[in-house]
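*Asks:* After the structure tokens below, expect a handful of questions from me.
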Amino acid sequence: MITAIRRLQFCSGHRVMNHESKCATLHGHNYVMFIYAKSPELDSIGRVIDFSVLKEKAGKWIDENWDHNTIIYDMDIEVISALSSLPRKKEPFIFNLNPTAENMAEYFLKVICPQIFKEDEITVYKIELWETENCKVEVTLN
């Protein structure tokens, strides 16, 4: 198997509801995401997919939804209410899960990638999401 891997970076704020430590406070990260793609065959010039297509499609979704934004659990009424009074360029990303790195990576892999790459003959089968230089999660399709 040949894999094409694209690295993307974005900055987001979040709060992990019911966290036992400091992550229960609204804070932010400089995330790094690696997108792993495979295809049954290489294209006519010998690629899984052009790296720029991975960047264009995945990066566009991230830029529009997560980058320089706040990712808030839809049950976190307190933070949603507080953010509603602040000036902003885009609405907070209201997430149906607690915005842990694990939940974000799994959502991106299983919900977003099938939508944004549905016309490409690839499968995004793994997401690696670095929350800090020292902490990352990996989610892989079975």
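No value in this document is a laboratory result; all are computed from the given coordinates. Remember, predicted model here, so these are calculated numbers, not experimental data. Methodologically, a virtual Cβ is constructed for each residue, glycine included, from the backbone with ideal geometry; neighbour enumeration extends over all protein chains shown.
*Asks:* Provide Met75, Met104, Met33, Met1 in ascending order of the number of other Cβ atoms located within 10 Å of each residue's Cβ, fewest first.
*Replies:* Working: Met75 13, Met104 25, Met33 22, Met1 7.
In order of increasing Cβ crowding within 10 Å: Met1, Met75, Met33, Met104.
*Asks:* Now for a different question. Based on DSSP H runs of at least 4 residues, each adding -39500 (n - 2.57), what is the mean residue ellipticity at 222 nm of the chain after dividing by all its residues, to the nearest 500 deg cm²/dmol? Please list the in-between numbers first.
*Replies:* Details: 4 runs with 34 residues, N = 142.
Theoretical 222 nm ellipticity from helices: -6500 deg cm²/dmol.
*Asks:* Place +1 on the Cβ of every Lys and Arg and -1 on the Cβ of every Asp and Glu in segment 4-140, take the dipole about the Cα centre, and give the residue among Tyr36, His14, Pro114 whose Cα lies farthest towards its positive end.
*Replies:* Highest projection toward the positive end goes to His14.
*Asks:* Would you mind ranking Cys135, Cys23 by Cβ crowding within 10 Å, fewest neighbours first?
*Replies:* Details: Cys135 10, Cys23 16.
Going from least to most buried by this count: Cys135, Cys23.
*Asks:* Dipole of the chain, Cα-centred, from +1 at each Lys and Arg C-beta and -1 at each Asp and Glu C-beta, to the nearest 20 debye?
*Replies:* Working: 16 positive and 21 negative charges, 46 e Å.
That gives a dipole near 220 debye.
*Asks:* Return the label of the correct value of Rg/Rh (Cα atoms, Kirkwood Rh), as calculated from the structure shown, out of [x] 0.97; [y] 1.01; [z] 0.94.
*Replies:* The value matching this structure is [y].
*Asks:* Report the trypsin sites (Lys or Arg not before Pro) located in segment 1-48 that are in a DSSP loop and have at most 14 other Cβ atoms inside 10 Å of their Cβ, or state none. List each step's numbers first, then the result.
*Replies:* Numbers: sites: Arg6, Arg7, Arg15, Lys22, Lys38, Arg47; in loops: Arg15, Arg47.
Filter output for segment 1-48: Arg47.
*Asks:* Sort Asp43, Asp120 so that the residue with the fewest other Cβ atoms within 10 Å of its own Cβ comes first and the one with the most comes last.
*Replies:* So the residues, fewest neighbours to most, are Asp43, Asp120.
*Asks:* Additional query: Once you sort the root eigenvalues of the Cα gyration tensor of segment 1-53 as a ≥ b ≥ c, which label holds: rounded (a/c under 1.5), prolate (a/b larger than b/c) or oblate (the other case)?
*Replies:* Numbers: a/c = 5.89, a/b = 3.23, b/c = 1.83.
The shape class here is prolate.
*Asks:* Here is a follow-up. Quick check: Cα centre of segment 97-142 to Cα centre of segment 55-70, how many Å?
*Replies:* So the separation of the two Cα centres works out to 13 Å.
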